[in-house]
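The values are calculated or read from the model by the stated rules, or taken from the named source; none is laboratory data. Note that the structure is a prediction, hence the values are computed from the model and not measured. Note that we place each Cβ from the backbone using ideal geometry, even for glycine, and neighbour counts take in every protein chain shown. With ligands, DNA and RNA removed, areas are computed over all heavy atoms of the protein, side chains included. Shrake-Rupley method; radii C 1.70, N 1.55, O 1.52, S 1.80 Å.
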Amino acid sequence: MTESASNPNRFYLTTPIYYVNARPHLGHAYSTIVCDAIARRKRALGIETWFLTGTDEHGQKIERSAKAAGCTPEEFATKIAGEFRGLWDRLGLTYDDFIRTTEPRHIRGVQHLFATLRDKGYIYKGSYTGQYCVFDEAYVDGPPETPCPDCGRPTETVSEENYFFKLSAFERKLLEFYEANPEFMGPESTRREVISFVRSGLKDLSVSRTSFSWGIPVPGDEKHVVYVWLDALANYITALGYGSDDPKDKARFEKFWPADIHLIGKEISRFHCVYWPAFLMAAGVALPRSVRANGWLLFDQGKMSKSRGNIVRAETVHEVLGADALRYFLLREIPFGQDGNFSFDALVQRYNGDLANGYGNLVSRVVNMVHRYFGGFAPEAGAETPAEATLRGNAEAAIAAFGPAFDELNFSDALKTLWAVVAETDGYLTANAPWKKPAERSDADHARLQARVLATAAEAIRVITALAYPILPDAAAKVWAQLGLGELAEAAKSGFLRDLAWGGLKAGTKFGEPAPLFPRAEKEAIERMQSLEDENNRTAVEAAGGGSGTENAKAPAPAKQEMAAVPVKAAVAMAPVAAATRAAPMAAKVVATAEAVGASAPSASVDLPVAPQTAVGASAQAAAETAAQGPQHITIDDFAKVELRVAQILVAERVPKADKLLRLEVDLGTEKRQILAGIAEHYEPEKLIGRRIVIVANLAPRKMRGLESNGMLLAASLEGGAPVLAGFLEDVPLGARLK
Ligand code: ME8
């Protein structure tokens, strides 16, 4: 392993590269925004910074998603990668490079890494027969039919000749490395989990696959493709030029590697803190300085993720409140490393409290008064009184405290400290009331007071704005211009934060025109965001508890013993019930969708109490109220109203002149029924015969195309509306009730 001393004048940070099987949502935006804020601060400190993001495009999961969408993996990946990149651009994120794992530079680098590991004797050929979770792209210990311990989905048995990486050889080295580098991974919960995972024993890792082809060919043995996580993790070095002979690439790699921060979500710590350092140790490449895991953004009580169907898109918040509002909320509201709830209501409360009424209002008061009383020129502060000394002291303390807190990724505390200065400046203005001249005060004294108070308040705003710039780049640029300080983007390039100190605003500076920063958000803002999301959900109904997500797929890496101890039966048997309770709103949507696609009649509704936050068509007013009250639960009695039963398909045939509709006869053990289902575009009728499925058995019968439908199938609906029927891994008797 090569060692590289930390260079304080350059900084390299990375986001995870996101899977292209799902569109970006707020969870992805969260990690990317955190990196953007860090990158902006580093640059504004005069540090040469390289901020990398990108997309993870290979693997069986993507191959299958592309197939389901009826296009090639290349087309599929290009489309979604474009959506990620387009969103980051719209949000104004300042990434320096965007890597796609399908690019030649990456492929070349991965092949070089693979060949290096093999040449050094860390990769050998063997055979693997075992379980594989396609959704997690992870190997799973256990006999056939073991569900994935991370996501609970069925695993597939694979039996392949594979290349193996000697991960077992790194158990002790990794533990020594963690011990010697306590700063390597954080937060503490991640560190503990990772260490206990390694202590429980590391087995060699299969690093190639032969059963599909959407991947990077193993050099010299092209029927194998490189395991998707080895492929993906390598992006952090291939993007810099690892594996290239071009002197420019070599220079970039030398300059920026090792990374200062790999910022990730906590569910992928095992890959970043165990596999990645082991690969690098084996290849003789220096290890990253740190891996930092953000917690999960939760919505409707669960991790925001595609497969839970509880996502909110960053575009929605951007469109209604602006990117700065989103950035501020995410960094201020959620202590970094912890899980945090997202709700439109909390977002708007924070926005109004801290941005509209707080910072925005303060700036507007001061800039307007400078225009009104001083013709738009910064006044001379004159001699300091104790009130100014106190405010200056507070601002100087904030300058001293903000940096260390921010640099430890403690954004919430850093902002809290800064917003205390906003409140103090506000209080100082109010206490000195430069707009009010008491009768006993002479004109000259009043002019002196106005000058002193407005110059001091404007200087406080300058300091606040400079520090807030990485989090509020758009607003900060506007305020900078209003204070007559010119282009903030230019100032940022020349490292203006490095020498930030009280007293930078010179008397006589010509202020710019006042302009609103954060107009107060009324209730309509919540309604608007809610309806934008409803609209989006209507057009792309997403899956509950299955499907194409990236998901809770990767719950925190459990130790191996825990993995083995996963109660298979419970995990499997619970899955459909969970879909109908935990994700009640989605389950309702999903069921309704499965029918609606087949019928021109209005889609059926299920008598599940649907939480208004996510219900299609629910009033935004109700959504706001619900958000204010906290998450909605249904009672067990509510759930008991829905009779979910196991049925077997006896007959399946197309309905004449209805492209989407199948007529099914199902056996419930004690009775047989006819059900019409809108799944003809996705299931061949012959292949359904004999399948055990779940139906809603107590739904009122209704007619479609002159035929009576007596119940409804339970299915998850994937991106684009493709249904996937719920089923069981184990034998279940017909008619058994799900509860
Ligand atoms: O895991 N809360 O990609 P992915 C917080 N391709 N962060 C979230 C989040 C949420 N609800 N949802 C997503 C992969 N994220 C692999 C990574 S890296 C070499 C390969 C963020 O599309 C968070 O950073 O599933 C998480 O780790 C990442 O998106 C997962 O993105």
- Compare C71, C273 by solvent-accessible area with a 1.4 Å probe and give them largest first, with all protein chains kept in place. C71, C273
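Report relative contact order for the chain in percent, whole number only (criteria: Cα-Cα under 8 Å, sequence separation at least 6).
14 percent
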- Message: Past the 21 angstrom mark, what percentage of all C-alpha to C-alpha distances in the range 345-493 do you count?
- Response: 46 percent
- Query: Straight-line reach from K436: which aspartates and glutamates have Cα under 17 Å away, leaving out those fewer than 8 places along the same chain?
  - Reply: D426, D445
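Roughly what percent of Cα-Cα pairs across the range 15-162 reach past 26 Å?
Within the range 15-162, distances greater than 26 Å cover 43 percent of Cα pairs.
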- Point-to-point label distance, D637-S213, nm (Cα→Cβ direction, 7 Å offset): 6.1 nm
- Taking 0.36 nm per intervening residue step and subtracting the Cα-Cα distance, what contour gain separates E183 from A431 on full extension? 84.7 nm
- Task: Just read off the accessible area of V651 with the full protein assembly in place, 1.4 Å probe, to the nearest 10 Å².
- Result: 40 Å²
- Binning every alpha carbon pair distance of the range 107-189 at 10 Å from zero, what are the percents per bin? 16, 27, 38, 20, 0
- Message: Counting only protein heavy atoms and a 1.4 Å probe, tell me what percentage of the range 669-715's accessible area is made up of carbon and sulfur.
- Response: 47 percent
- Message: Given points 7 Å out from each Cα along the Cα-Cβ axis, report the E222 to E524 separation in nanometres with one decimal.
- Response: 6.1 nm
- Task: Sort R452, R153 by accessible area with a 1.4 Å probe, largest first.
- Result: R452, R153
- Say the dipole of the chain comes from +1 at the beta carbon of Lys and Arg and -1 at that of Asp and Glu; which of C35, H682, T14 then lies farthest toward its positive end? H682
- Item | Solvent-accessible surface (1.4 angstrom probe) belonging to H318, in square angstrom, nearest 10 | 60 Å²
- Query: Computed from the mean reciprocal separation of all distinct C-alpha pairs, what Kirkwood hydrodynamic radius does the range 16-73 have, in Å?
  - Reply: 13.3 Å
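Taking a ≥ b ≥ c as the square roots of the eigenvalues of the Cα gyration tensor of the range 258-387, is the shape rounded (a/c under 1.5), prolate (a/b larger than b/c) or oblate?
Working: a/c = 3.50, a/b = 1.74, b/c = 2.01.
Oblate, because a/c is 1.5 or more while a/b does not exceed b/c.
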- Query: Got a number for the accessible area of K478? Probe 1.4 Å, square angstrom, nearest 10.
  - Reply: 100 Å²
- Would you kindly derive the ³J(HN,Hα) couplings of the range 128-139 from the backbone phi angles with the Karplus curve 6.51 cos²θ - 1.76 cosθ + 1.60 (θ = phi - 60°), listing them in order in whole Hz, with x for Gly and Pro? 10, 10, x, 9, 9, 9, 5, 5, 8, 6, 9, 7
- Message: Report the Rg/Rh value for the chain, based on alpha-carbon coordinates and the Kirkwood definition of Rh.
- Response: 1.03
- Message: Given a 1.4 Å probe and heavy atoms of the protein chains only, how would you sort R705, R663, largest accessible area at the top?
- Response: R705, R663
- Item | Helix-only mean residue ellipticity at 222 nm for the chain, each DSSP H run of n ≥ 4 adding -39500 (n - 2.57), per residue, nearest 500 | -13000 deg cm²/dmol
- Item | In Hz, Karplus ³J(HN,Hα) per residue of the range 661-674 (6.51, -1.76, 1.60; θ = phi - 60°; x = Gly, Pro) | 9, 10, 9, 10, 10, 10, 10, 9, x, 9, 8, 10, 9, 9
- Message: Please list, in order, the residues from the range 678-712 whose amide nitrogen is less than 17 Å from a point placed 7 Å along the Cα→Cβ vector of V651.
- Response: 685-691, 704-711
- Item | Per residue accessible area of the chain, 1.4 Å probe, in Å² | 39 Å²
- Message: Once neighbouring chains are kept in place and the probe is 1.4 Å, which whole percent of the accessible area of the range 454-515 is contributed by carbon and sulfur?
- Response: 52 percent
- Item | Dipole magnitude (debye, nearest 20) for the chain, charges at Cβ of Lys, Arg, Asp, Glu | 180 debye
- Query: So for the chain, taking the charge dipole from beta-carbon charges (+1 Lys/Arg, -1 Asp/Glu), which of V646, T101, A234 sits furthest toward the positive end?
  - Reply: V646
- Members of K223/K303; K266/K478; K266/K416; K67/K125 lying beyond 26 Å, as alpha-carbon distances in this model show: K223/K303; K266/K478; K67/K125
- How do 486-496, 46-56 rank on mean C-beta neighbours within 10 Å, highest first? 46-56, 486-496
- Note on the structure: Expressed in angstrom and rounded, the centroid-to-centroid distance over alpha carbons for the range 24-89 and the range 424-476 is 42 Å
